[in-house]
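The values are calculated or read from the model by the stated rules, or taken from the named source; none is laboratory data. Fair warning: this is a prediction, and the values are worked out from it, not measured in the lab. FYI the Cβ positions are ideal-geometry reconstructions off the backbone, even for glycines, and counts take in every protein chain you see. Accessible surface areas use protein heavy atoms only, side chains included; no ligands, DNA or RNA. Shrake-Rupley method; radii C 1.70, N 1.55, O 1.52, S 1.80 Å.
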Protein chains: 2
Amino acid sequence: MSDGPPERDTSAPRTSSEFARIDVIRRLLTEGSPLAAQVLLGIGDDAAALAPVDEPLVWTVDCAVDGVHFRHDLMSFEDAGYRATMAAASDLAAMGARPLGLLASLILPRGLSDADLEALVRGQRAACDTIGAPLIGGNLARGRELSITTTALGATPRPLRRDGARPGDELALAGPVGLAAAGLRLAQQGGPVHAEALAAFRRPLARIEAGLSAREGAHAGIDISDGLASDLGHLIRASGIRAELDAAALLTDSLREAATLVGADPLDLALHGGEDYALLVAGPSVGALPGFTRIGRCMAGTPGTPEILLASADGRATAVTGRGFDHFT
Amino acid sequence: MSDGPPERDTSAPRTSSEFARIDVIRRLLTEGSPLAAQVLLGIGDDAAALAPVDEPLVWTVDCAVDGVHFRHDLMSFEDAGYRATMAAASDLAAMGARPLGLLASLILPRGLSDADLEALVRGQRAACDTIGAPLIGGNLARGRELSITTTALGATPRPLRRDGARPGDELALAGPVGLAAAGLRLAQQGGPVHAEALAAFRRPLARIEAGLSAREGAHAGIDISDGLASDLGHLIRASGIRAELDAAALLTDSLREAATLVGADPLDLALHGGEDYALLVAGPSVGALPGFTRIGRCMAGTPGTPEILLASADGRATAVTGRGFDHFT
């Protein structure tokens, strides 16, 4: 609503005009790298433009709100930009897609300085460089609350859906589960350091390569954003099956160490800790795929039986109840 | 950040869980219309999927923040959803692209009821039906401030850029300018009603058809979101030219009436009022295109001369200074 410019607050940190900020952002996002071959038009017009794509397109949007999805007292603005970008790219990984590009829409509160914004954008750039796809446009808006909304576009010959898992399929995971939740608690405690857990929390990795390697053999896939139990629940309900997880396969030495430091049960972290952005796939022999670990199997859905069973080394099986994170209840 | 569910506020208006809300949104967005041919996968997986596109892709993102870009005391939530969707689609029109689909990422404050959310989504659906492209996915996030971020994807054989205008080109406009700004002031005053101005403010139209008809003959295009003077300024600077506008061509009877009701100069509204989402194009004979009105011409850039001149009926020419809206200064 163009109802006049907001009044200027001379005590605020240094903030440039929208157009000056866009110039800086463009430089931070493009310097040192040639325009990717698929990009016809990057930042600076009404829209970005990409060359035609002869495969199905996969397209997602994800949002990170300061104080809800990240807290900039627990991570740098650079981490926040990195993490928001990876969270969106992780949806492409879950569809078995190669990323083509990303757009970012930022809501910037008055108190966010140019330096903070530049750190955030450097984090976005670092994440883009890691996944090998450029950030080619976006939008800046004024608001009271910092948020980073990222939309990512990818391509794949065959999108890997949630609903294709079948009884007898193996379940396999690329990337850790539980470590990011341990890293969050470590950051909140401000005490002992566990580098791997803190990195899992602040610098998660979208499992693009794993998604590409899985798409031939996998029947279904999903990324673990809300927690393994919750997201596996989505996959098995969509597929009309149930699942048994192997407890021992979920526990790594790193997770045990980090869990000890935060006084948590490592299995609880693995099942219910969110935002690792690990990639879960189901398929006949997905446990043998490079980068994946077999963590369980799919079984026929039987009314009245638990959706997810957890098998312990001693042969006992217990029901896992979903405990995903729902921002709305 | 999955640091536990927020505490429940029992005095708050009725708000369902995230998953229940997504079910309602899916129904509102899909009921009564078959899945569009280009959509392989809509709401409900990690990402949406679209069939391969054999033309260049055009891709944009736009954000509307409550209290900054709209005020829900001045328009309904349905209008807010409609308007946010049209604002994003307008960028596709400016590139001469046909829309393929949209995704929406909403930040929802605790106080937003299910009924308000449903109204917002009905507005998004109405806008999508008007432009003939479906909303096929998105994201819900909790935050303190309502915002609607919309990303739109389109296709065109030749993206219409900002930087192609040449001396001698005509300038032509599809859609009104100034009426939305008059409509905003009328809504703020709460007094006399001018239906066309209020509709221009609350229910703007992305000029998709005009963009499609312009792309063959036009050298450059841009949509008018910040005001004609400001957005024409972007086009002529990108193209390295200057422009002369014909004052009489900017003034319609509707604009004069609405300007009188709000006590404003109609020419000032036409030049500097934003968010009509009219489409401005430059090209050899774009004034003759269906739906367009010739409003001026492009001239060679000459150092030291004004970028934009306004020619009056009496033969005088005055310099127009940009007065676009910049949320950041």
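Details
- Any chance B:Thr85 is under 22 Å from B:Ala155 (Cα atoms), within 10 Å of another protein chain (Cβ to nearest Cβ) and of a type in the set (S, T, N, Q): no
- Qualifying residue in the range A:136-148 (condition: more than 19 Å from the chain's Cα centre (by Cα), of a type outside the set (Phe, Trp, Tyr) and more than 10 Å from chain B (Cβ to nearest Cβ)): no
- Selected residue (criterion: nearest to A:Thr149 (Cα to Cα)) from residues of the range B:121-135 that are open to solvent by less than 10 Å² (accessible area, probe 1.4 Å) and either out of contact with any Ser or Thr (no Cβ under 9 Å at 6 or more places or on another chain) or within 7 Å of chain A (Cβ to nearest Cβ) (or both): B:Val121
- Qualifying positions in the range A:149-173 - hydrophobic (A, V, I, L, M, F, W, C), within 14 Å of chain B (Cβ to nearest Cβ), touching a Lys or Arg at 6+ places or on another chain (Cβ under 7 Å) and not in a loop (DSSP other than H, G, I, E, B): A:Ala155
- Counted as qualifying within the range A:174-282 are the helices (runs of 4 or more DSSP H) with 1 or more residues that are within 18 Å of A:Cys298 (Cα to Cα), open to solvent by less than 30 Å² (accessible area, probe 1.4 Å) and not aliphatic (A, V, I, L, M), namely A:228-239.
- Put simply, of A:Ile236, A:Ile295, A:Ile224 the only residue that is under 16 Å from the mean Cα position of the chain (by Cα) and at pLDDT 95 or above is A:Ile224.
- Counting only strands (runs of 3 or more DSSP E) wholly contained in the range B:12-78, the ones carrying 3 or more residues that are crowded, with 19+ Cβ neighbours inside 10 Å and touching a residue at least 40 places away in the same chain (Cβ under 8 Å) occupy B:57-65.
Condition check ((1) touching a strand residue (DSSP E or B) at 6+ places or on another chain (Cβ under 9 Å); (2) at positive phi; (3) of a type outside the set (Val, Ile, Thr); (4) not assigned by TED's automatic domain parsing to the domain that holds A:Ala264) across all residues:
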{"position": "A:Gly183", "(1), (2), (3), (4)": "no, no, yes, no"}
{"position": "A:Ala197", "(1), (2), (3), (4)": "no, no, yes, no"}
{"position": "A:Ala214", "(1), (2), (3), (4)": "yes, no, yes, no"}
{"position": "A:Ala218", "(1), (2), (3), (4)": "yes, no, yes, no"}
{"position": "A:Ile241", "(1), (2), (3), (4)": "yes, no, no, no"}
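- Among the residues of the range A:18-36, the one identified as more than 14 Å from every other protein chain (Cβ to nearest Cβ) and of a type in the set (Lys, Arg) is A:Arg27.
- Residue match in the range A:239-256 (condition: modelled with pLDDT of 95 or more and within 14 Å of chain B (Cβ to nearest Cβ)): yes
- Scanning the range A:97-118 for any residue that is of a type in the set (Ser, Thr, Tyr), open to solvent by less than 10 Å² (accessible area, probe 1.4 Å) and more than 28 Å from A:Ala214 (Cα to Cα) turns up at least one such residue.
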